[in-house]
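Here you go, one structure.
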Amino acid sequence: MRFVFFHLMPYPYLPDDFDEYPSISLTFPNKHFDRDLGTKLYHRYLDELEHAEVAGFDGLAVNEHHQSAYGLMPSPNIMAAALSRRTERARIMVLGNAIGIRGNPLRVAEEIAMLDHLTDGRLTSGFVRGIGWEYFAHSINPTRSRARFNEAHDLIIKAWTSDEMFQWIGDNYEYRYVNLWPRPLQQPHPPIYIPGAGSSETFRFVAEHGYTFMSVYTPVRVIKRWFDSFREISAEAGNPADPSAPGTMQHLALNVSGLDELLAIRDRIRDRGINVFGPLDHGLCHSIYFAGPENLALEVATSEQPIDARAWIDPEVVGLLGIDDEQLQAFKEPESFEGRGGTVPNPPIDWSKPQLNMPRELLEGVMSMPDEQVTAMLSEPIPPVAVEPQDTAS
């Protein structure tokens, strides 16, 4: 299992009368974009993506949207370039370039090839068809979406893999000379992800090419149906999908009932020789972080608002993960930890045990700090948007 930090880079500073506008995209006036706030947002969002690598995420994902406050990344390749020199381990995942609306897909091939070198081969390239409004934003007939996407894809792949100049004459694109400089670092090309919303055409395209299908944010029961269908179509195409082949964007959270219990869990984990840092105050919750097996970064959090496990432990997810009743009960009510009569300090780092994916010097520094210093230095309790408290009585 791998975890990817996916960022939309939205614009959150919407006007009070926002609900009166028919859409956040295409027709929402750009007079509401504050230039100074926009500059700060870009730097903040890049900081968050860079910090995600420090926190242990395996991939950092950016995507493409146009003429919309929903996402401020008309060019995800620019954001990927900004991340390439500021990160060392995590894969840089462009999920993805909307090649169906591009007038010059060869430019996409060139930019991705450059990024593959800038990231030292850590790049994953995603291709998307794009959302409906974006075809109108580019004055492109959306009924041509699939044909444009397929041809752009074929052109890009051939440009990446050919070592001789060639000519391309297609229904949508025409080039007298295609001779890509530079060629991608990864051979034959970077891994390709195809995000989608469950269409059989997309499943068949992914299966025939041996790519990774990735779902967008969707209820788990729908994702299961999609992936079952994807596996069936893959088998029909003679390219059976491995159970781990598809990707999905979902969130995993572990919650405890209060700060005292969070600190007790931190001390219990440390007592077993595992390094833990935190708690960090995120405003909506306090969290501690530690490493699990196979480079997995784990977080345990507590919120001021009580969370009812009966409502938030999804039986369908439990079933999909193969967790039986006894295991589930052990997760809900672990054996008590008596403690040592005080705070358990972090043990010396044992490099034979799982560790968070940080640069070694940074990990040693964080784990040697007193807990109070970690909390003071790394907490970010102020929410990004200042709002008035809601009147819960009404």
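The values are calculated or read from the model by the stated rules, or taken from the named source; none is laboratory data. Since the model is a prediction, treat every value here as computed from it, not as a measurement. Cβ atoms come from the backbone with ideal geometry, glycine included; neighbour counts cover every protein chain shown.
Answer yes if at least one residue in the range 65-72 is closer than 19 Å to Ser215 by Cα, of a type in the set (S, T, N, Q), not in a loop (DSSP other than H, G, I, E, B) and not assigned by TED's automatic domain parsing to the domain that holds Glu364, and no otherwise. Break it down into steps so the answer makes sense when it comes.
Here is the first cut: in the range 65-72, the residues closer than 19 Å to Ser215 by Cα are 65, 70-71.
From the residues that got through so far, the ones that are of a type in the set (S, T, N, Q) too are none.
Scanning the range 65-72 turns up no residue that is closer than 19 Å to Ser215 by Cα, of a type in the set (S, T, N, Q), not in a loop (DSSP other than H, G, I, E, B) and not assigned by TED's automatic domain parsing to the domain that holds Glu364.
Across the range 16-47, what is the total count of residues that are touching a Phe, Trp or Tyr at 6+ places or on another chain (Cβ under 8 Å) and either in a helix (DSSP H, G or I) or of a type in the set (A, V, I, L, M, F, W, C) (or both)?
8
For the range 96-118, which residues satisfy the criterion of being over 15 Å from Phe149 (Cβ atoms) and out of contact with any Leu (no Cβ under 8 Å at 6 or more places or on another chain)?
Matches in the range 96-118: Arg107, Glu111, Met114, Leu118.
Shifting gears a bit: Just to verify a result, which residue in the range 166-208, among those that are loosely packed, with under 15 Cβ neighbours inside 10 Å and either part of a helix (DSSP H, G or I) or within 23 Å of the chain's Cα centre (by Cα) (or both), is modelled with the highest pLDDT?
So, considering only residues that are loosely packed, with under 15 Cβ neighbours inside 10 Å and either part of a helix (DSSP H, G or I) or within 23 Å of the chain's Cα centre (by Cα) (or both), the one modelled with the highest pLDDT is Pro191.
Search the range 19-40 for residues that are under 18 Å from Leu8 (Cα atoms) and pair each with any residue that is in a helix (DSSP H, G or I) when their beta-carbon atoms are under 7 Å apart and the residues are at least 6 apart or on different chains.
As it stands, the answer is Ser25/Trp133; Leu26/Trp133; Leu26/Phe136; Leu26/Ala137, since those pairs meet every condition given.
Looking at the range 354-377, which of the residues that are more than 14 Å from Val276 (Cα to Cα) and surrounded by 11 or more Cβ atoms within 10 Å (Cβ to Cβ) is modelled with the lowest pLDDT? Don't jump to the end; show me each part of the working.
Of the range 354-377, the ones more than 14 Å from Val276 (Cα to Cα) are 359-361, 376-377.
Filter once more, keeping what is surrounded by 11 or more Cβ atoms within 10 Å (Cβ to Cβ): 359, 376.
Numbers: Pro359: 68, Ala376: 85.
Looking at residues that are more than 14 Å from Val276 (Cα to Cα) and surrounded by 11 or more Cβ atoms within 10 Å (Cβ to Cβ), I get Pro359.
Same structure again: Would you check which residues across the range 73-87 are part of a loop (DSSP other than H, G, I, E, B) and polar (S, T, N, Q) and list them? I'd like the intermediate steps shown before the answer.
So the first thing to find is which residues in the range 73-87 are part of a loop (DSSP other than H, G, I, E, B), and the list is 73-75, 85-87.
Ser75, Thr87, listed by residue number.
Can you tell me how many residues within the range 149-165 are farther than 12 Å from Phe205 by Cβ and surrounded by 14 or more Cβ atoms within 10 Å (Cβ to Cβ)? Lay out the reasoning, then the answer.
First pass over the range 149-165, keeping only residues farther than 12 Å from Phe205 by Cβ: 151-152, 155-165.
Of the ones still in play, those that are also surrounded by 14 or more Cβ atoms within 10 Å (Cβ to Cβ) are 151-152, 155-160.
So the count comes out to 8.
Enumerate the pairs (first residue in the range 326-347 and touching a residue at least 40 places away in the same chain (Cβ under 8 Å); second residue anywhere and aliphatic (A, V, I, L, M) and assigned to a helix (DSSP H, G or I)) with beta-carbon separation below 7 Å, excluding pairs fewer than 6 apart on the same chain, so at least 6 apart or on different chains.
Here the result reads Phe337/Ala264; Gly339/Ala264; Asn346/Met367, each pair linking the range 326-347 to a residue that is aliphatic (A, V, I, L, M) and assigned to a helix (DSSP H, G or I).
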